[in-house]
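To start, the structure itself, in structure tokens.
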């Protein structure tokens, strides 16, 4: 919270000790931050507007009712005061007089919370105390980049004191740099009165229904769960024993927190020794004498409730969405979600989710919308992230999605923070407010979201949408009954909220202009950048306010909030937008909702090539039609406005990722122009000095931002991408295109330009320079595709080989030899061919041992002995099988026929689960976060993402391998296993999740890594639930679309040839696939007769084709290749062309 330092002393309290630890509080009593040098010990920094997460609650039990009294912050009625060593909150409520004092030790990183209570009523009552504290214990930059990711690496050890009960020790497993040294920050929290119960995660504390009720579930239940949950919202809870307090009786309780900058060892019972320090300090604390008294403050939150809405019934659904609903998700006879088509011809897919489902999912329903329907990544388009829980716009960005933010990020999936992004409050007749939160229903379209609030006899609809042409965002509110509304905006104008002071000015027609502080990165490249907010009708605005309407604290006027207060009305609209060069001020006018949506849906209809599957009895196949629409949206988010619903930082292309998702999508759909532009951009980021690439790079004006080091496989992907492009487009001229390199030291482009051919030569030299001595096997470097398996020992970078990376290299070299030897570069093609043969030799000698491919091989110092890892003979890791080299061995055709079938059997036996295939047969061993062999695999405390082993990207490559083998049932079952639409029809142990977006992983519902290690068999037999992982920001959607079209349906429409290579199940006989190609409407009809692949007869509009060639496939009968001219001569322009494929 950089702005904390600029606050006047009258608005803040800062307790500092002699070691560098600081406790910061705000004038409203909220905790702002706990920090040690560069380390943020808490997770979320406090503000003047929202409530503090850190709190101590007194719970008074009266007549079986639990009355909750927060002692800290905006919800507390306490008076707040402080001195240089202490902060105090005191007050009286429910006949209970209380005083809470927080004291910081001067010569130890220790602070205590002392609660003194007096029963001033005439009757006795019982009470208990709950201490809640959010935890980050990482570099402040890392925490604010992504709180959930930070939490995945915090290990909780629950310790038990012999007399004082539970304590929670939390260790940051990822080394943080403190004063130049690698350190592992650690926090111990306990009580000096007996702690009877505990919790470790905010999902336990708040619960999913908090989004609707605004009441943390832990506070209305008798006990905290006393179970350890390692998830994505670290918030510990400690509950002291219930105490009965007689009239006029007093009591005192103490909680403590002890911080260590570096706790190299894992937490254990030896750490209970720090109780003595806490006890000694508690006894020495001086009586509190205030030197700073703060005036009482009020917040809009004190008089605000979440709007309580009704469920929609059948007549409501018919009224809003018609009767033609599909993929209806139901539970106990109640509709949860569905898809439907809008009224226009091009409106193919809209998704609707109802309140009942939102309250069951851990990851709230969200959506990313962006302006512009084109595919040009150079356009600075406006984007926004919306959530069902009343977050109508957030992370509104213009261009770069990390540096160019207008509005803030929610940072929490439970809607704990009520003012992030753009929010709406409705004023009641008595002057109180209701905040629009979870609606009765949320409708999502490709470029819009609509919230429907049905309550009492009223109805409110809120819509937000982007435009197909202008880079702006619109919001409208429509109410059946006239109301006054407050629309709040938490302004960033840069990277993070509260890090700088944006300039806010007021223009004509009640508009607001926002410019970034000179310290923000957006200004370094765009000094004229300006955002704006403009009402559709200025006469609807009663007043434009700042944060003073939200909080009574005097400095509220300095806070970056803009609040539009409306008149009493039934309709209101706002436009948000911006220009990076505001010198040429655009004409600003609101875009019409219906027009913008129609233009977007029409563009998507074309972008998906009018994709449609139909079958007379296999109705579940129509799920792919909706999935195609939404995965295309997800693929465009990953490509054009890189970020996701969980991974909100982004703005960059991963070199490996952009060579897969976007490239495969555009090649599959025939957009060679866009593919060419992407490739030239990728190759311009190649380092001149090394021939390698950054792990990731920004592709806009911030192109100097990049990660210089990269994994060992990264260099292979640009080569694969350009060869795939040449194969599809026949554009050999790209090899002579001249583009710059990137200078490794400066990250700038070189002044001189070089042909792509020269870039390829530099690339090949890099690969050859990194062979293990005496072999043509690439060394592992900093890792391969599986980020969790980066070597812990840096020496392994040069002595270990990834069985998967070598296969990928072989595959690409074989294709390079085939394409370049045709004449484009015979010499380079021959070199690729020679190297491919040498890889084949060395691979079978070193990597395949005892008939099984090793995940890795570790060479000795002489380079003669290769020890297999992740292999049945592996005694180091305890892991026997790794998926990636098994599937890539098939895809690359490096395996023989017998090897391919052998590894297929191994996958089915050891890696196949109800929700798909897993990366390994078991996770790496977790021992509290100590690093031995692999980095993240041994450090992550959360069973999720790659650590949970079902990474959907890898599952999609399994589909590709099965198509190569001709395993039709496996192909289509695997496609269905990761289709989120009605997923629990296919995956019986799947937890509820959003149905219209890509999940990057399927995560086993184990609370801890230890539980997963002990009970992994439950995942194999599907007796444990699996949850959806992080969403949208992945190359997976583009890869999935390519596999579905190119390798499953088997339609590859190249520039000079047509390849038909489907793999279709017997029960899909008669499947019809509609698709467009060069202004021709095509309908492929699959006739499955004798086998499920290798077409034997082709008929185009009743003309049988006899001029085709068989595609080589070492594992099954191959597809066919037809010259484009032969195919096209039978097509008609003005009618649907029927292509019958007989298998």
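The values are calculated or read from the model by the stated rules, or taken from the named source; none is laboratory data. No experiment lies behind these values; they were computed from the predicted model shown. All Cβ positions, even for glycine, are placed from backbone atoms using ideal geometry, and neighbour counts span all protein chains on display.
Considering (1) modelled with pLDDT of 95 or more; (2) surrounded by fewer than 16 Cβ atoms within 10 Å (Cβ to Cβ); (3) over 23 Å from residue 623 (Cβ atoms), say which one residue 1070 fails and leave the rest.
For residue 1070, the failing item is (3).
Residue 745 passes all but one of (1) surrounded by fewer than 20 Cβ atoms within 10 Å (Cβ to Cβ); (2) in contact (Cβ under 8 Å) with a residue 60 or more places away in the chain; (3) more than 22 Å from residue 894 (Cβ to Cβ); which number fails?
So the condition that residue 745 fails would be (2).
Just to be sure before I move on: is residue 946 at pLDDT below 95, at negative phi and either part of a loop (DSSP other than H, G, I, E, B) or touching a strand residue (DSSP E or B) at 6+ places or on another chain (Cβ under 8 Å) (or both) in the structure I sent?
yes
Checking residue 705 against (1) farther than 25 Å from residue 609 by Cα; (2) crowded, with 20+ Cβ neighbours inside 10 Å, which single condition isn't satisfied?
Result: residue 705 passes all but (2).
Go through (1) at pLDDT below 95; (2) assigned to a strand (DSSP E or B) and name the single condition residue 28 misses.
Residue 28 satisfies all of (1) at pLDDT below 95; (2) assigned to a strand (DSSP E or B) except (2).
Suppose we filter 720, 768 for residues that are in a helix (DSSP H, G or I), at pLDDT 95 or above, under 30 Å from residue 947 (Cα atoms) and outside the structural domain of residue 379 (by TED's automatic domain parsing); which single one remains?
That would be 720, the only listed residue that is in a helix (DSSP H, G or I), at pLDDT 95 or above, under 30 Å from residue 947 (Cα atoms) and outside the structural domain of residue 379 (by TED's automatic domain parsing).
Would you list the strands (runs of 3 or more DSSP E) that sit entirely within segment 266-359 and hold 2 or more residues that are under 24 Å from residue 425 (Cα atoms) and either at pLDDT below 95 or touching a strand residue (DSSP E or B) at 6+ places or on another chain (Cβ under 7 Å) (or both)?
304-306, 350-354
Which of (1) crowded, with 24+ Cβ neighbours inside 10 Å; (2) in contact with a helix residue (DSSP H, G or I) (Cβ under 7 Å, 6 or more places away or on another chain); (3) not in a strand (DSSP E or B) does residue 496 not meet, given it meets every other one?
(1) is the only condition that residue 496 fails.
Within segment 74-133, work out how many residues are assigned to a loop (DSSP other than H, G, I, E, B), within 40 Å of the chain's Cα centre (by Cα) and without any contact (Cβ under 8 Å) to a residue 60 or more places away in the chain.
3
Across segment 372-413, what is the total count of residues that are part of a strand (DSSP E or B) and over 17 Å from residue 520 (Cα atoms)?
10
Would you pick out the residues in segment 536-561 that are part of a strand (DSSP E or B) and either under 28 Å from the mean Cα position of the chain (by Cα) or buried (at least 22 other Cβ atoms within 10 Å of the Cβ) (or both)?
Of everything in segment 536-561, those that are part of a strand (DSSP E or B) and either under 28 Å from the mean Cα position of the chain (by Cα) or buried (at least 22 other Cβ atoms within 10 Å of the Cβ) (or both) turn out to be 551, 561.
How many of the residues in segment 334-393 are under 22 Å from residue 316 (Cβ atoms) and more than 17 Å from the chain's Cα centre (by Cα)?
Number satisfying all stated conditions: 26.
In segment 662-692, what residues are more than 19 Å from residue 726 (Cβ to Cβ) and either in a loop (DSSP other than H, G, I, E, B) or within 24 Å of the chain's Cα centre (by Cα) (or both)?
Selection gives 685, 688, 689, 690, 691, 692.
Please enumerate the residues belonging to segment 135-189 that are in a loop (DSSP other than H, G, I, E, B), surrounded by fewer than 20 Cβ atoms within 10 Å (Cβ to Cβ) and in contact with a strand residue (DSSP E or B) (Cβ under 7 Å, 6 or more places away or on another chain).
164, 175
Which residues, taken from segment 1095-1113, are surrounded by 14 or more Cβ atoms within 10 Å (Cβ to Cβ) and out of contact with any strand residue (DSSP E or B) (no Cβ under 8 Å at 6 or more places or on another chain)?
1113
Could you check residue 945 against (1) without any contact (Cβ under 8 Å) to a residue 60 or more places away in the chain; (2) surrounded by fewer than 24 Cβ atoms within 10 Å (Cβ to Cβ) and say which number it fails?
(1)
Can we say residue 1055 is farther than 30 Å from residue 651 by Cα and either at pLDDT below 95 or assigned by TED's automatic domain parsing to the domain that holds residue 1128 (or both)? If you could, list the steps in order and put the result at the bottom.
Details: farther than 30 Å from residue 651 by Cα: yes; either at pLDDT below 95 or assigned by TED's automatic domain parsing to the domain that holds residue 1128 (or both): yes.
Judged against the criteria, residue 1055 is a match.
How many residues does segment 84-97 hold that are within 18 Å of residue 240 (Cβ to Cβ) and either touching a helix residue (DSSP H, G or I) at 6+ places or on another chain (Cβ under 7 Å) or buried (at least 23 other Cβ atoms within 10 Å of the Cβ) (or both)?
1
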